[in-house]
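These notes concern the structure reproduced below.
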Amino acid sequence: MRTFFGIFSGWLCLTVGISCSGAGSSGSSLPAYRDESRSLEERVEDALSRMTLDEKVAVLHAQSKFSSAGVPRLGIPELWCTDGPHGIRPEVLWDEWDQAGWTNDSCTAFPALTCLAATWNPAMSALYGKSIGEEARYREKDVLLGPGVNIYRTPLNGRNFEYMGEDPYLASRMVVPYVREVQKNGVAACVKHFALNNQETRRNDVNVEVDDRALHEIYLPAFEAAVREGGAWAVMGSYNKYKGQHCCHNRYLLNDILKGEWAFDGAVISDWGGVHDTRQAVENGLDLEFGTWTDGLRAGTRNAYDNYYLAQPYLDLLREGEADVQTLDDKVRRVLRLIFRTAMNTRKPFGSLNSPEHLAAARQIAGEGMVLLKNDGGTLPFDPSAMKRLLVVGENAVKMMTVGGGSSSLKVRHECTPLEGIRAAAEASGCGVVYERGYVGDPSGSYNGVTTGQDLSESRSAERLIADAVAAAKEADAVLFVGGLNKSDFQDCEGADRKEYGLPYAQDRVIEALAAANPRLAVVLVSGNAVAMPWLDRAPAVLEAWFSGSEAGNALADVVFGKVNPSGKLPFTFPVRLEDNAAHAVGEFPGGDTVRYREGLFVGYRWHEIREIAPLFAFGHGLSYTTFSISNLRLSADRMASDASLTVRVDVTNTGERAGAEVVQLYVGDDESFVQRPLKELKGFEKVSLQPGETRTVAFEITPAALSYYDDTKSAWRAEPGAFTIHVGAASDDIRQTGHFVLE
Ligand code: GLC
């Protein structure tokens, strides 16, 4: 039988051209690379040994806008990538950015990542990753081009809404569950943009200059966490340069740090159009080239895939003996590993799209991420059963926000706008809702062939719009202004930075006029960035609602009418004025050919605190409809050996009338440091849900790592012996308890 089978399988292989060397050697009929009972590395080595030079080079670059080749001859599938961090981008044509017009690819839009970060709840990050991973899986995608974890350095960066704020510890804790849960679906997370992509101005070539301490203490930690704790299977190089080299082929970042120190075994994928040089791409750690000759947003050279830097030019170098096969094989191994983990993984679940669970997840995350910035006199929550008429004002109450903003733009099955959600909830309680536009921002509504279908045209003048809103405000029991930014150019949008720190479209005037007409005013900001609020002392309530996706309106209604008690905390500082922000005070923004991060590691609250500049709203700030006390801080010891840890405990009590959640934040200050360090840095947080009157003890483990700074003279982390202070509170500027200990 075996003889017959041996002859037959040999004939079969010859006939179909599949080289079967090694087939049957283990007794199974499958060649090793197809045999999922074997180790990943065995399968990679077997596949590699069967591939020709042309096949090896072919898997290292795109064959279409979002796909790269597999090995057809061996039945190794191609790799399909998709944007973006907030939902699965609609299918595009082979070589286009525009959507292909399919009718089965509408998705769920989850809240923007600033909103996820603002939940300060890793469980929400896990729910997010699971949900978006299921949608990617259902759409048969292998690599999700997200999450983004670039640090919030300036309020003007157009893409801050796609990232997780200004603090490396918060971003590190929040990125890990997202990555892990996405990948449980057999879909790779591709963490981006590695690294130092903190502005859109001249993003394709600006050279970032930053000192080593700031690089390691501020800009790299979230990427390291995603790789070493999250186990990310892919990382996307960023467009900008660092040390004069483009980050998509940057020796120091990719070879020395990512693949060296962090032992990353996955694939480095270029940003779309981020590759500029074959030799650098070959030698400096790039594995997969996409989007070359486009700038990541607009069309470029059509169907140029064979001429990509890692295509024919690389093949020529190899054939001329100018490039070594070892380096080639390392790249191919990484791409094969990525394919085996995803496209060729037969054990992955089937995913789902637009499920009730995903909409519920989007609504829950949005509700948990909204931040109640101000609430004088208990203005919020509104009680619609005690009102006859609620006035809603503002373009952002009706404008769809899931379309536009760059590569994170989506085509959703449905987007519940703020007005829709507010009206449904209010009318269910017998309260009428009236709407006034208030101002005109951007009436357009299409991106990459996706159109909102909304008609936001307006014939009234700006004066008329304000007059109409004021007249309606005088007749209303309460007013909800819904404004902020949007996904238009020079707002919260990829490809350009904001031009101003204030609200656009003269919204400040509208808010002032409304405040004068009706004191019962709540201002809702739909945005992904901090803004100036010159009207703040005339607005009793302010709520940051973020860009919160398909369920935006329902989530907003949940919070505004009190069905959900807000528990979000700011993931970045709101400065009073732009000049109060480090990058604008000393940093340099946007720079020219080079941008110098002169502020170093003093980003966000680190800057405000060391310079004693009071923020408008502080990092970690967020109110609740109840109140909490944080008390009874105790340390497990007042001295800590350098190889030990210390336990910090505090008691949190809900001292109000209704259930709610508090985020207990722990900051560490090095009181005797040889080098300059921030006054304090976030090193722990935990969100605690409590019934009225309930008390819970929260414990934090302090390790030497939490006390360390990056010693750039030794290129190593170091915790200095000496005195330290533990600060525990409900915000970076709301410290309730302190404790002291000495590190030996
Ligand atoms: C874009 C973005 C990146 C995105 C990629 C594909 O230019 O920089 O975040 O994933 O190209 O659209």
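The values are calculated or read from the model by the stated rules, or taken from the named source; none is laboratory data. Everything numeric in this text was worked out from a predicted model, so none of it was measured. Cβ atoms come from the backbone with ideal geometry, glycine included; neighbour counts cover every protein chain shown. Please note that ligands, DNA and RNA were not included when accessible areas were found on the heavy atoms of the full protein model with its side chains. Shrake-Rupley method; radii C 1.70, N 1.55, O 1.52, S 1.80 Å.
Ranking Gly739, Ser689, Ser715 by how far each Cα lies toward the positive end of the dipole of segment 626-743 (charges on Cβ) leaves Ser689 at the top. In this structure segment 626-743 gives 43 Å² per residue of accessible area when probed at 1.4 Å with all protein chains present.
Evaluate 2.2 N^0.38 Å with N set to the residue count of the chain, then give the Cα radius of gyration divided by it.
Details: Rg = 26.9 Å, N = 744, 2.2 N^0.38 = 27.1 Å.
Here the Cα radius of gyration is 0.99 times the empirical estimate.
Normalised by the number of residues in the chain, the average gap of Cα pairs under 8 Å and 6 or more apart makes the relative contact order 14 percent.
Computed over protein heavy atoms with a 1.4 Å probe, the carbon and sulfur contribution to the accessible area of the chain reaches 50%. How high is the FRET efficiency from Arg658 to Glu41, r the C-beta distance, R0 51 Å, rounded to 0.05? The formula returns an efficiency of 0.40 here.
Among the chymotrypsin sites (Phe, Trp or Tyr not before Pro) in segment 52-103, those placed in a DSSP loop whose Cβ has at most 13 other Cβ atoms within 10 Å are Trp94, Trp102.
Of the whole protein surface, Glu720 contributes about 10 Å² of accessible area at a 1.4 Å probe radius.
Sparsely packed loop sites in segment 467-534 (the trypsin sites (Lys or Arg not before Pro) outside DSSP H, G, I, E and B with at most 11 other Cβ atoms within 10 Å) comprise Lys499. In whole angstrom, note down how far apart the Cα centers of segment 627-650 and segment 181-228 are. Cα centroid of segment 627-650 versus Cα centroid of segment 181-228: 32 Å apart. Put a plus charge on the Cβ of each Lys and Arg, a minus charge on the Cβ of each Asp and Glu, and nothing anywhere else: the dipole of the chain about its Cα centre is then about 1220 debye.
Surface analysis of segment 41-106 yields an accessible area of 34 Å² per residue, using protein heavy atoms and a 1.4 Å probe.
For a quick protection proxy, order the peptides 172-179, 207-214 by their average other-Cβ count within 10 Å, most packed first.
Working: 172-179: 25.9, 207-214: 18.8.
Packing order, densest peptide first, comes out as 172-179, 207-214.
Compared with the direct C-alpha span, the chain from Ser429 to Asp316 gains 33.5 nm at full extension, assuming 0.36 nm per residue. In the chain, the DSSP-assigned H stretches of four residues or longer account for a calculated mean residue ellipticity at 222 nm of -7000 deg cm²/dmol, using -39500 (n - 2.57) per stretch and the full residue count as denominator.
Loop-located trypsin sites (Lys or Arg not before Pro) across segment 371-413 with a Cβ neighbour count of 11 or fewer within 10 Å are Lys388, with loop assigned by DSSP. Segment Ser457..Val586, full-extension length gain: 42.2 nm, with 0.36 nm per residue of separation and the alpha-carbon distance subtracted. Residues Thr703, Thr108, ordered by accessible area of protein heavy atoms at a 1.4 angstrom probe radius and largest first, appear as Thr703, Thr108. Taking every Cα-Cα distance in segment 626-743 and sorting them into 10 Å bins starting at zero, the pair-distance distribution P(r) comes out as 14, 43, 27, 12, 3, 0 percent. Cut-off under 24 Å on the C-alpha distance; same-chain residues fewer than 8 positions from Lys259 excluded. Which lysines are left, in chain and number order? Output for Lys259: Lys56, Lys184, Lys192, Lys241, Lys243, Lys331, Lys714. Computed about the Cα centre, the dipole magnitude for segment 626-743 is approximately 180 debye when only Lys and Arg (+1) and Asp and Glu (-1) carry charge, each at its Cβ.
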